[in-house]
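Values quoted throughout were computed directly from the atomic coordinates according to the rules given, and no laboratory measurement underlies them. Small disclaimer: the values here were computed from a predicted structure and weren't measured. Counting neighbours? That spans all protein chains shown, and the Cβs are built from the backbone with ideal geometry, glycine included.
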Amino acid sequence: GESVGLHLPTLSVQEGDNSIINCAYSNSASDYFIWYKQESGKGPQFIIDIRSNMDKRQGQRVTVLLNKTVKHLSLQIAATQPGDSAVYFCAETSGSNYQLIWGAGTKLIIKP
Amino acid sequence: DAGVIQSPRHEVTEMGQEVTLRCKPISGHNSLFWYRQTMMRGLELLIYFNNNVPIDDSGMPEDRFSAKMPNASFSTLKIQPSEPRDSAVYFCASSFMGVDGYTFGSGTRLTVV
């Protein structure tokens with residue numbers, strides 16, 4: 001969904017640990033998924049994407065997992081650093097549709 | 001590349017005044033999007049341009065909002081007259097083809113008092 005309430009889900013992680021951020025997507029026809037990172041005062045920044053013909057994709061310190069059976073997407077961040085503190089959004093779309101459906105966002109807090 | 005450039009970064013205006021937000025997309029990108037972000041509603045797509053032509057403006061809240069893209073390197077979002085409920089962060093994003101490689105600007109934080 002596109003809605004964001006007053007309270008974002010929050011994940012607190014110890015620096016150096018791995019983080020897993022989850023997202024349940026809404027449209028079974030969606031075939032393209034993106035994770036964005038939004039730091040305070042900035043616009044969303046592309047992290048990693050995955051298409052529905054894959055179930056895993058790795059980037060630098062990040063991995064996205066896609067489970068189409070249960071419509072679930074996750075973002076794994078390895079060895080979390082203070083600079084990873086941000087709100088993370090998943091987004092989905094289908095075909096060549098320009099319209100992204102945004103998840104609610106998860107706030108990641110890194111504990112020193 | 002300097003990325004998507006938005007101006008101003010902050011705008012404070014009185015209710016009833018006209019507000020114009022500006023965006024310069026990444027050179028070579030042919031898709032441009034205007035978004036609004038609030039805590040209550042998250043990211044909302046206002047309007048989408050492809051090759052300078054408005055394709056979908058169904059997200060524009062009402063007639064007080066208008067957007068133009070006179071050329072491939074410039075777009076404006078205008079609110080006239082502005083109201084306090086328009087207070088939000090407005091983002092411009094561009095891409096080469098649809099949603100692939102969306103790049104957002106830093107946003108304009110609008111406060112209408």
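Given A:CYS23, A:CYS90, which one is within 14 Å of another protein chain (Cβ to nearest Cβ), within 18 Å of B:ALA93 (Cα to Cα), in contact with a Gly (Cβ under 7 Å, 6 or more places away or on another chain) and not aromatic (Phe, Trp, Tyr)? Give the derivation first.
Numbers: A:CYS23 fails: within 18 Å of B:ALA93 (Cα to Cα).
Matching residue, one of A:CYS23, A:CYS90: A:CYS90.
Checking A:GLY43 against (1) buried (at least 16 other Cβ atoms within 10 Å of the Cβ); (2) away from every other protein chain (no Cβ under 13 Å); (3) under 27 Å from B:ARG9 (Cβ atoms); (4) more than 14 Å from the chain's Cα centre (by Cα), only one condition comes out false. Which one?
Looking at each condition in turn, A:GLY43 falls short on (2).
Mind checking which residues of segment B:1-50 are in contact with an Asp or Glu (Cβ under 8 Å, 6 or more places away or on another chain), polar (S, T, N, Q) and part of a loop (DSSP other than H, G, I, E, B)?
B:SER27
What are the residue pairs meeting all of these: first residue in segment B:38-58, first residue closer than 20 Å to B:SER94 by Cβ, second residue outside any strand (DSSP E or B) and of a type outside the set (Gly, Ala, Ser), Cβ atoms under 6 Å, and 6 or more apart or on different chains?
B:LEU46/B:MET60; B:ILE47/B:ASP57; B:ILE47/B:MET60; B:TYR48/A:TYR98; B:ASN51/B:ASN30
In segment B:37-53, which residues are over 17 Å from A:PRO44 (Cβ atoms) and surrounded by 15 or more Cβ atoms within 10 Å (Cβ to Cβ)?
Residues satisfying the conditions are B:ILE47, B:PHE49, B:ASN50, B:ASN52.
Does A:GLN38 fit the bill of being touching a residue at least 24 places away in the same chain (Cβ under 8 Å), within 14 Å of another protein chain (Cβ to nearest Cβ) and of a type in the set (S, T, N, Q)? Quick ask: steps written out before the conclusion?
Working: touching a residue at least 24 places away in the same chain (Cβ under 8 Å): yes; within 14 Å of another protein chain (Cβ to nearest Cβ): yes; of a type in the set (S, T, N, Q): yes.
Yes; evaluated as a whole, the condition is true for this residue.
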